[in-house]
1. If you scan segment 153-180, which residues turn out to be closer than 16 Å to ILE94 by Cβ and among the polar types (S, T, N, Q)?
2. Answer yes or no as to whether LEU1 is among the hydrophobic types (A, V, I, L, M, F, W, C) and open to solvent by less than 30 Å² (accessible area, probe 1.4 Å).
3. Just checking, does segment 167-190 include any residue being open to solvent by 10 Å² or more (accessible area, probe 1.4 Å), at positive phi and either aliphatic (A, V, I, L, M) or touching a His at 6+ places or on another chain (Cβ under 6 Å) (or both)?
4. Anything in segment 133-165 that is open to solvent by 70 Å² or more (accessible area, probe 1.4 Å) and either modelled with pLDDT under 95 or part of a loop (DSSP other than H, G, I, E, B) (or both)? List them, or say none.
5. If the Cβ limit is 8 Å and pairs must be 6+ apart or interchain, which residue in segment 44-66 that is of a type in the set (Phe, Trp, Tyr) pairs with which residue that is exposed (fewer than 14 other Cβ atoms within 10 Å of the Cβ)?
6. Select from segment 6-27 the residues that are assigned to a helix (DSSP H, G or I), modelled with pLDDT under 95 and open to solvent by less than 10 Å² (accessible area, probe 1.4 Å) and write down the one among them that is farthest from ALA178 (Cα to Cα).
7. Do any strands (runs of 3 or more DSSP E) entirely within segment 28-105 hold 1 or more residues that are open to solvent by 60 Å² or more (accessible area, probe 1.4 Å) and out of contact with any His (no Cβ under 9 Å at 6 or more places or on another chain), and if so, which?
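The values are calculated or read from the model by the stated rules, or taken from the named source; none is laboratory data. The structure displayed is predicted, hence computed values, not measured ones. With ideal geometry, Cβ positions are generated from the backbone for all residues, glycine too; neighbour counts draw on all protein chains shown. Remember, those area values only see protein heavy atoms, side chains included, never the ligands or the DNA or RNA. Shrake-Rupley method; radii C 1.70, N 1.55, O 1.52, S 1.80 Å.
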Amino acid sequence: LREWVAERHGVESRRVVLTVGGLLGFVLYAGELLRRRPGRVLVEGPTYDRPLKVLAREGAEVVPLPMDDEGLDPDGLARELERNAAPASFLYTIPTFQNPSGRTLSAERRRRIVEIVTAHGLPVLEDDPYGLVRYEGEPQPSLHELEGGWLVTYTSSFSKTVAPGLRTGYFVLPEDEAEPFEERAVSTYISPP
């Protein structure tokens, strides 16, 4: 499965970590980044409620970013990063069929967001559990693809597409973060289902 996911995303299999659904991976990712890069966590306003609960439990300051009919507003992201001199911990975003709004970012906005996070060295967690549930239209490139996978960690899950009961998800991590992430995961749940 790791090899298949790696091939699908054009990375080496060691950069793929299987998780018990996407949420446990979020717990591991957020906890580590907040320890390593304390600061506020930027999210779409509104966003999926479960990560908000995890961030609250971690004591993180959550900053909702403005959205419009096209999704996350890149100018709002830029303003927030320039407004506050303290670095943000990371950006959590669901750019494809965003939960709860259902909006999908255009390729143009995705490129702009990648430019902004690259300029600020801001890590991004791109959550894409719904991307394969597309029935029409062309898929947009992932932020992970556009950025190259150095700052953007991509996560998805088979819980919405193939096997909801198995709760199997995965993370495609930057090369230097994959092994430590896997060590945290293994120490937490030994191996995914």
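1. Those that are closer than 16 Å to ILE94 by Cβ and among the polar types (S, T, N, Q): THR153, THR155, SER156, SER157, SER159, THR161.
2. no
3. The answer is yes, given that some residue of segment 167-190 is open to solvent by 10 Å² or more (accessible area, probe 1.4 Å), at positive phi and either aliphatic (A, V, I, L, M) or touching a His at 6+ places or on another chain (Cβ under 6 Å) (or both).
4. Within segment 133-165, TYR135, GLU136, GLU138, PRO139, TRP150, LYS160, VAL162, PRO164, GLY165 qualify.
5. From segment 44-66, the pairs are TYR48/PRO100.
6. Checked segment 6-27; the qualifying residue farthest from ALA178 (Cα to Cα) is GLY21.
7. Strands (runs of 3 or more DSSP E) meeting the threshold: 62-65.
Every residue, every condition in (1) in contact with a Gly (Cβ under 6 Å, 6 or more places away or on another chain); (2) in contact (Cβ under 8 Å) with a residue 60 or more places away in the chain; (3) under 23 Å from GLU44 (Cα atoms); (4) hydroxyl-bearing (Ser, Thr, Tyr), yes or no:
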site	(1), (2), (3), (4)
ASP128	no, no, yes, no
ARG134	no, no, yes, no
HIS144	no, yes, yes, no
TRP150	no, no, yes, no
SER156	no, yes, yes, yes
SER159	yes, yes, yes, yes
THR168	no, yes, no, yes
GLU177	no, no, no, no
PRO180	no, yes, no, no
